[in-house]
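Trainee: Let me give you the structure first, and then I'll get to my questions.
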Amino acid sequence: MMETPALPVPEARSPIPASLRGIFPVLVALPVLALFQWLLSESPFAVYLLSVMGVNIILAVSLNIVNGMTGQFSIGHAGFMAVGAYISGVLSLNLKEVALSFLPVAASDQVLFTVALLVGGLAAAACGFLVGLPSLRLRGDYLAIVTLGFGEIIRVVVQNTDAFGRALGLSGIPQYSSPYMVYFWVFLVVLVARRIAGSSHGRSLWAIREDEVAAEAMGVDTTGYKVRSFVISSFFAGIAGGLFAHFVPIINPGSFTFVKSMEIVVMVVLGGLGSTTGAIVAAIFLTLLPEGLRSLFNALGTEGTLAQKVDQIRMPIYGLMLVALMLSRPQGLFGMREIWDVLPRWIPRRRRGLS
Amino acid sequence: MRRLAPMLLAALAFLAAACEKKTQPAPSGEGGTQATQQGKPATPGGEAPAGADVILLGQVGALTGGQATFGISTRNGIEMAIKEANAAGGVKGKKLAIRVYDNQSKPEEAAQATTRLITQDKVVLILGDVASSNSLAMAEKAQAAGVPMITPSSTNTTVTQKGDYIFRVCFIDPFQGYVMAKFAREDLKLNKVAVLQDNKSAYSIDLSDVFTRKFTEMGGKVTTTESYSQGDTDYRAQLTAIRKTQPDGIYVPGYYSEVGVIARQAREVGLKVPLMGGDGWDSEKLFELGGSAIQGSYFSNHYSPDNPDPRVQKFIADYKAAYGSVPDALAALGYDAARVALAALERAKDLSGPSVRDAIAQTKDFPGVAGTITLDDKRNAVKSAVVLKVGDGKTEYVTTVNP
Amino acid sequence: MSAAVQASVGSGAPLLQADGVSIQFGGLKALTDFSLTIRQGDLQGLIGPNGAGKSTAFNVLTGVYQPTRGEVRVGGLRVNGLKPHQINHLGLARTFQNIRLFRALTALDNVKVACRAQGALHPHDTGFGGKAKNALANYRDWWRALLLTPRFQTEERELTRQAEHLLEVMGLSHRRDEEARNLPYGEQRRLEIARALGTKPKVLLLDEPAAGMNTREKADLMVLIRKLRDDFQLGVLVIEHDMKLVMGICEHITVLDHGETIARGAPAQVRSDRKVIEAYLGDSYLESHGGAA
Amino acid sequence: MAQLLQHLINGLAAGTIYALVALGYTMVYGVLKLINFAHGDVMMVGVYMGYATAFVLGREARSSLLGVALIFAVAMLGCALLGFLIERFAYRPLREKPRLTALITAIGISFALSYGFQLDIGFLPGASPRAFPEVIEPTEWLIIGDRDVVVWNWQVISFLIAVALMVGLQYLVFRTRFGRAMRAVSWDHRVAALMGIPTDRVIALTFMLGSALAAGAGLLYAIKDTSVSPLMGLYVGLKAFVAAVIGGIGHVPGAVVGALVLGLVEEFVVGYAASTWRDAVAFGFLILVLLVKPGGLFGRVAAEKV
């Protein structure tokens, strides 16, 4: 029989006192992230690649809340990312000269960076609400096309407003982002996704995914919950956009096309709809794959014309690989379950039911 | 929530109150990156792998996506220059190799590929992209790491302003826009001109902005500015709107992939006036796509293909033999950029970043295929531009405009 | 069930009342002039041949369809135009004709979804104020869930306890962590009832609960329904084809045919009603048996 | 006034092309409830097949009636085969799986085709745009005023071909046995199977039909706008999908109306308002339509059977 999806109920006595349980994971994470940042500081390529990977993880996990847990179908995630990127980028550009008097410059930069991120995230969340509300009366494919439309409208708006740098894009945004910051937010989004999944709100989202009519009859305010899942997911997409804007030298509309939205949807489906760890693993895999293909082809020798064409072959290979994966494992890597449900028996796992 | 809201407001108010001008000025224009050194790179990142018998160059270009055609032409031009150099014994007695990465026409991919070239592949020099936004992303990373970079065809002024390691072998938008404005006003004596730009391309927008400003300064009038997006193939709506304003000419600073079809549809909609454009027009495909409709139009370019200079004709013949088609401006610029780089590498006392940078800066009257190249103090190429008239299957030289 | 509804029920208003309710889909008159009153402790039946409009009546009462005429009142409060979840919060729960469990969730989670969804503290106040209060209450709940506050943890434990109790009542404790889709048919039926009870209803609407059961299971079900009514002080309305089952447990029966109410009253009286026999067994039966029995 | 007429003609011309591609989307969606994102790229492949045939035929042979017919036949049959292969090997195994997995497969195929054709290895054409050989000798068919409004012969011919294809499809869907079977499958393919309808064959045929239509549309598009490139499928495919949704996805006549409306809206936005905002207005219009009529202009929102 299929193992049950891990919707743990935090009722078993856990060693940590109840009041501390909420912030305990955060306390653990901070030193770990500091170590992680120190390890990476001397290799810029690792820093850049891991930052891109972190942003992709945030996008995948946040989209999983809408496409995975609530069973809705959004292909406009890059639009929310763009809102976050441009709003926080413009804010940082204007605050470039400003510093908080009581803090050393580096610290005040980080504080202002966080403020810019949050403003970007909230703007994206507001867009999530705007797009979420009217379109939630629509079913599946119609909702998809409305979210797709939203993404395209944002791209055209950005392309035609001077404040956003039009087609050239916005450059000179202070590069405040660092792996520490990126992975702090990765940690936050995973924590939020897991806490939602484990809570009664998460169960209501699952109910909507399984059978919306039955959920409504059982007292779940389906429209309200769908809007909330949209708002939370687009907030984190905005944060991901903000982080992206602060480590990429320039952002322009070309980075937020509907092809980018589709790449995020692919990560969520590949990881398994509804599985947070699945989304993480898929995001890591699909970020490192292109670089891996490059290293592989470089190893084959740099002289031949094949080496020159190597980078062109990546995209068709990516396409065919998707088809193969979907045919071999349609339910995605982990299906609806988390990694600790799928691991083989001999790996010691926490007792059932402990969150 | 009741306790949370007042706390938040207090924090915001406190933050706002505490803001004041930063005491020490933000790091100079280079925008010191958080992760790596600020301003002047302390340790040059680009020192050659000791003792290696191969000098490795890097190129990042759009090999897939909307601008694949331009990226591939540039790569072909560079590849040819490298092959010729290797045949002639390489540089400093060492063979040359080039590693080409695709940026899918996206700036974040360009930055990622550049960082990989610098830190993993340890390239000595980087040849930059066509699209200005991608080149800007690459310039930021190259400057920070102290690796010299030459962009063959990014014409946006801000690219070389990123720092002293960033060079370019083509002229910049303000000059090219001025060239066509002057030509339209003085040679063609046009009074009313419409502009049709590609709002997805910074090159096209910059050229049309400069043209509009310069043409109006010289007493002309720009009747309307319409735009299309790269990838469109139906421009009849824009052209019908332009026809209503009865212009004497239309400035279309786009790429040949779109301009050819625009010319056809302009004639179709009844616009007989001459079309004008920039170096983005220069390609054999212009005649194939434009057919008879494009004839009688003018465009500014780096060089004239029927320039009798033997080096130019040899380049065109070799390119045609190697790739089966006449080289376009992007291939020619790619070829020149590579040869400027190789000449600099030969001149430089060693392969470290600063010495190669200084060698490139000394480029003076370099006999490029696409015009003689002299780099000014802002590291832009001081080149004269030629204006060509589109004939039946080939272009005719009209005039030269010096900077 | 919220305080306001308790207050009005206390004053003797019926738990569920529909009077003169009609529904038309385009030309088709699915239901005409349907009236029904359920008080606490009632165990009523709603019968009729296939396509008589029984399920349509159910869907009108629970807010899935909006009536074109007439009014539906739950605990004395008019619910026309309310969404199903708002009506549910007023104390009206239902099961479905073809089982609609949350198939991938465990039995426990199926019931917990229903238990938890009582978040709306002011369901009757459907004006803008009510909506704002609900939204605020809900966002505060989300914050508690995200911060995993102690209060949230106790709430979750309480929910689990309630759900486990309901599973026990319905004899499904051994299926606690089993996915709903893996349960045998009879148990899925019972899980649906347990889930409905999770919303702490005052009125329970059972849509063909005995469909697909053998006679022994039906007998057990009859006992169970009566027991639920007494233990939870419910008003129960059952849709059923099986005359024996309906006649067995229902004290009052409403008969529908082609959307119209053709008979209403005690089981014995309805059994002998000419129109009911004609509707059920067709005219031939009447001729052959020489009019009413 | 002439200006308005010219815009009307341009808009209708663009609309007919969108219509033919949108019909493919709607038919496939009707039968399989799947948004076939690879549909635009199948059209692109058809155009390149037509390009190759026209090249082989040589200058004079291709502008003869037989030549044109041959080019259309090769492209449409080739695409029908491609459509069959895609459905048979990529979509059929996933038919019972959640719809999102089939969609990701479609995205995978779309990437493989569009980026694959950008390579210039072997028979693949390479990235640079090409001019579709002149198949119909362009002559002015109708001129109003001194060239205020110009209608070209090929515009009329392609309009007639498009209308012929649409009428043919309409006849096939609503008048033939196969059409009835297709509609039955679109309502509920499980029940249709119980009624003895060979659902697999019907779905395969629908795919082939949709792909062939797309090839036809692609050729008319290439004749209209001359320039042909591996990414043309992506751009036209998206707009055609929007048109199909405006009309009510799954509703055959709706797709045509949606496409014509979209073509005209885009034309008038560019013609009279700001051309930079064309895409934003197109999508804004779509969202507006969906807000007013959630099922699209003709679509019916299936009342959930409780």
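Trainee: Would you point out which residue out of A:I154, A:I208, A:I145 is modelled with pLDDT of 90 or more and more than 21 Å from A:L243 (Cα to Cα)?
Mentor: A:I208
Trainee: Still on this structure, please answer the following. For segment B:153-192, enumerate the residues that are hydrophobic (A, V, I, L, M, F, W, C), in a helix (DSSP H, G or I) and farther than 21 Å from B:D336 by Cα.
Mentor: Of everything in segment B:153-192, those that are hydrophobic (A, V, I, L, M, F, W, C), in a helix (DSSP H, G or I) and farther than 21 Å from B:D336 by Cα turn out to be B:V179, B:M180, B:A181, B:F183, B:A184.
Trainee: Which is on the phi < 0 side of the Ramachandran plot, modelled with pLDDT of 80 or more and away from chain D (no Cβ under 14 Å), of A:G292, A:G319, A:G254?
Mentor: Step by step, each of A:G292, A:G319, A:G254 is checked, and only A:G292 is on the phi < 0 side of the Ramachandran plot, modelled with pLDDT of 80 or more and away from chain D (no Cβ under 14 Å).
Trainee: Is it the case, given these coordinates, that D:E60 is closer than 21 Å to D:K224 by Cα and either more than 14 Å from chain A (Cβ to nearest Cβ) or in a helix (DSSP H, G or I) (or both)?
Mentor: Judged against the criteria, D:E60 is a match.
Trainee: Kindly provide the set of residues from segment D:227-280 that are touching a Gly at 6+ places or on another chain (Cβ under 9 Å), within 10 Å of chain B (Cβ to nearest Cβ) and not in a helix (DSSP H, G or I), ordered by number.
Mentor: D:S227, D:V228, D:S229, D:P230, D:L231
Trainee: With the structure loaded, tell me whether C:A57 is in a helix (DSSP H, G or I), crowded, with 20+ Cβ neighbours inside 10 Å and either small (G, A, S) or away from chain A (no Cβ under 14 Å) (or both) or whether it fails that test.
Mentor: Yes: the conditions hold for C:A57.
Trainee: Report yes if some residue within segment C:114-122 is part of a loop (DSSP other than H, G, I, E, B), within 8 Å of chain A (Cβ to nearest Cβ), closer than 29 Å to A:G68 by Cα and modelled with pLDDT under 70; otherwise report no. Even if it seems obvious, please write down each step before you answer.
Mentor: Of segment C:114-122, the ones part of a loop (DSSP other than H, G, I, E, B) are C:120-122.
Restricting the remaining residues to those that are within 8 Å of chain A (Cβ to nearest Cβ) gives C:120.
Checking the rest, the ones that are also closer than 29 Å to A:G68 by Cα come to C:120.
Remaining after also requiring modelled with pLDDT under 70: C:120.
Yes, because at least one residue in segment C:114-122 is part of a loop (DSSP other than H, G, I, E, B), within 8 Å of chain A (Cβ to nearest Cβ), closer than 29 Å to A:G68 by Cα and modelled with pLDDT under 70.
Trainee: Tally up the residues in segment B:355-403 that are closer than 21 Å to B:A338 by Cβ and either in contact with a Gly (Cβ under 7 Å, 6 or more places away or on another chain) or not hydroxyl-bearing (S, T, Y) (or both), please.
Mentor: 23
Trainee: Still on this structure: For segment B:64-112, which residues satisfy the criterion of being touching a strand residue (DSSP E or B) at 6+ places or on another chain (Cβ under 7 Å), more than 8 Å from chain A (Cβ to nearest Cβ) and among the β-branched types (V, I, T)?
Mentor: Result: B:T74, B:I78, B:I82, B:V91.
Trainee: On the given criteria, is A:V156 closer than 27 Å to A:L95 by Cα and either more than 14 Å from chain D (Cβ to nearest Cβ) or part of a helix (DSSP H, G or I) (or both)?
Mentor: yes
Trainee: Shifting gears a bit: Please go through segment A:162-194 and pick out each residue that is closer than 19 Å to A:Q110 by Cα, aromatic (F, W, Y) and not in a loop (DSSP other than H, G, I, E, B).
Mentor: A:Y180, A:Y183, A:F184, A:W185, A:F187
Trainee: Considering each of B:T233, B:T224, B:T212, B:T216 in turn, give the residue that is of a type outside the set (K, R), at the interface with another protein chain (Cβ under 8 Å from one of its Cβ atoms) and either free of Cβ contacts under 8 Å to residues at least 12 places away in the same chain or in contact with a strand residue (DSSP E or B) (Cβ under 7 Å, 6 or more places away or on another chain) (or both).
Mentor: None of the other options fit; the residue is B:T233.
Trainee: Restricting attention to segment C:174-194, which residues are basic (K, R) and loosely packed, with under 15 Cβ neighbours inside 10 Å? Give the steps one after another, and end with the answer.
Mentor: Our first condition is that a residue be basic (K, R); within segment C:174-194, this holds for C:175-176, C:181, C:189-190.
Within segment C:174-194, C:R181 is the sole residue that qualifies.
Trainee: May I ask you to verify whether D:T276 is among the β-branched types (V, I, T) and under 24 Å from D:V167 (Cα atoms)?
Mentor: no
Trainee: Considering only segment D:13-56, state which residues are crowded, with 24+ Cβ neighbours inside 10 Å, hydroxyl-bearing (S, T, Y) and either without any contact (Cβ under 8 Å) to a residue 60 or more places away in the chain or closer than 14 Å to D:G216 by Cβ (or both).
Mentor: Selection gives D:T16, D:Y18.
Trainee: Let me ask another. C:A180 is checked against (1) within 21 Å of C:N59 (Cα to Cα); (2) at pLDDT 85 or above and fails just one. What number does that condition carry?
Mentor: (1)
Trainee: Continuing with this model, one more query. For segment C:185-217, how many residues are among the β-branched types (V, I, T) and farther than 16 Å from C:D230 by Cα?
Mentor: Looking only at that region, the number is 2.
Trainee: Taking segment A:73-112, which residues are part of a loop (DSSP other than H, G, I, E, B) and crowded, with 20+ Cβ neighbours inside 10 Å?
Mentor: A:F73, A:S74, A:I75, A:G76, listed by residue number.
Trainee: For segment C:27-48: of the residues being at pLDDT below 85, more than 11 Å from C:T68 (Cα to Cα) and out of contact with any helix residue (DSSP H, G or I) (no Cβ under 9 Å at 6 or more places or on another chain), which is surrounded by the fewest Cβ atoms within 10 Å (Cβ to Cβ)?
Mentor: Only one residue fits best here, namely C:G27.
Trainee: Filter segment B:246-261 down to residues that are within 22 Å of the chain's Cα centre (by Cα) and under 19 Å from B:T212 (Cβ atoms) and give me whichever is farthest from the other protein chains (Cβ to nearest Cβ).
Mentor: B:Y251
Trainee: So, in segment A:257-275, how many residues would count as being surrounded by 23 or more Cβ atoms within 10 Å (Cβ to Cβ) and part of a loop (DSSP other than H, G, I, E, B)?
Mentor: Number of matching residues: 4.
This table checks each residue for (1) more than 19 Å from D:N10 (Cα to Cα); (2) outside the structural domain of B:S105 (by TED's automatic domain parsing); (3) among the hydroxyl-bearing types (S, T, Y).
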{"site": "B:E217", "(1), (2), (3)": "yes, yes, no"}
{"site": "B:Y251", "(1), (2), (3)": "yes, yes, yes"}
{"site": "B:Y256", "(1), (2), (3)": "yes, yes, yes"}
{"site": "B:A263", "(1), (2), (3)": "no, yes, no"}
{"site": "B:L275", "(1), (2), (3)": "yes, yes, no"}
{"site": "B:G290", "(1), (2), (3)": "yes, yes, no"}
{"site": "B:I294", "(1), (2), (3)": "yes, yes, no"}
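Trainee: Quick one: would you say D:V151 is buried (at least 16 other Cβ atoms within 10 Å of the Cβ) and part of a loop (DSSP other than H, G, I, E, B)?
Mentor: Numbers: buried (at least 16 other Cβ atoms within 10 Å of the Cβ): yes; part of a loop (DSSP other than H, G, I, E, B): no.
Judged against the criteria, D:V151 is not a match.
Trainee: Output yes when any residue across segment A:190-213 is within 25 Å of A:R21 (Cβ to Cβ), surrounded by fewer than 22 Cβ atoms within 10 Å (Cβ to Cβ), in contact (Cβ under 8 Å) with a residue 40 or more places away in the chain and charged (D, E, K, R), and no when none is.
Mentor: Taking every residue of segment A:190-213 in turn, at least one turns out to be within 25 Å of A:R21 (Cβ to Cβ), surrounded by fewer than 22 Cβ atoms within 10 Å (Cβ to Cβ), in contact (Cβ under 8 Å) with a residue 40 or more places away in the chain and charged (D, E, K, R).
Trainee: It is to be established whether one or more residues within segment D:130-145 are in a loop (DSSP other than H, G, I, E, B), of a type in the set (A, V, I, L, M, F, W, C) and touching an Asp or Glu at 6+ places or on another chain (Cβ under 8 Å). Working first, answer last.
Mentor: Just the residues of segment D:130-145 that are in a loop (DSSP other than H, G, I, E, B), to begin with: D:132-139, D:145.
Next cut, of a type in the set (A, V, I, L, M, F, W, C) only: D:132, D:135-136.
When the remaining residues are screened for being touching an Asp or Glu at 6+ places or on another chain (Cβ under 8 Å), the result is none.
No, segment D:130-145 contains no residue that is in a loop (DSSP other than H, G, I, E, B), of a type in the set (A, V, I, L, M, F, W, C) and touching an Asp or Glu at 6+ places or on another chain (Cβ under 8 Å).
Trainee: With the checklist (1) more than 9 Å from chain A (Cβ to nearest Cβ); (2) touching a helix residue (DSSP H, G or I) at 6+ places or on another chain (Cβ under 7 Å); (3) at pLDDT 90 or above in hand, flag the one item B:T115 doesn't pass.
Mentor: (1)
Trainee: Quick one: is D:L103 at pLDDT 80 or above, closer than 25 Å to D:A52 by Cβ and at the interface with chain A (Cβ under 9 Å from one of its Cβ atoms)? Explain how you work it out, then say what you get.
Mentor: On the way: at pLDDT 80 or above: yes; closer than 25 Å to D:A52 by Cβ: no; at the interface with chain A (Cβ under 9 Å from one of its Cβ atoms): yes.
No, not satisfied.
Trainee: Among B:A338, B:A348, B:A317, which is the only one that is modelled with pLDDT under 90 and in the same structural domain as B:G58 (by TED's automatic domain parsing)?
Mentor: Exactly one residue qualifies, and that residue is B:A348.
Trainee: For segment B:163-194, name all the residues that are in contact with a Leu (Cβ under 7 Å, 6 or more places away or on another chain) and more than 29 Å from B:I242 (Cα to Cα).
Mentor: Once the filter is applied, which keeps residues that are in contact with a Leu (Cβ under 7 Å, 6 or more places away or on another chain) and more than 29 Å from B:I242 (Cα to Cα), segment B:163-194 yields B:F167, B:V169, B:C170.
The values are calculated or read from the model by the stated rules, or taken from the named source; none is laboratory data. Values in this document were obtained by computation on a predicted structure and should not be read as measured data. Backbone-built Cβ (ideal geometry, glycine too); neighbour counts: all protein chains shown.
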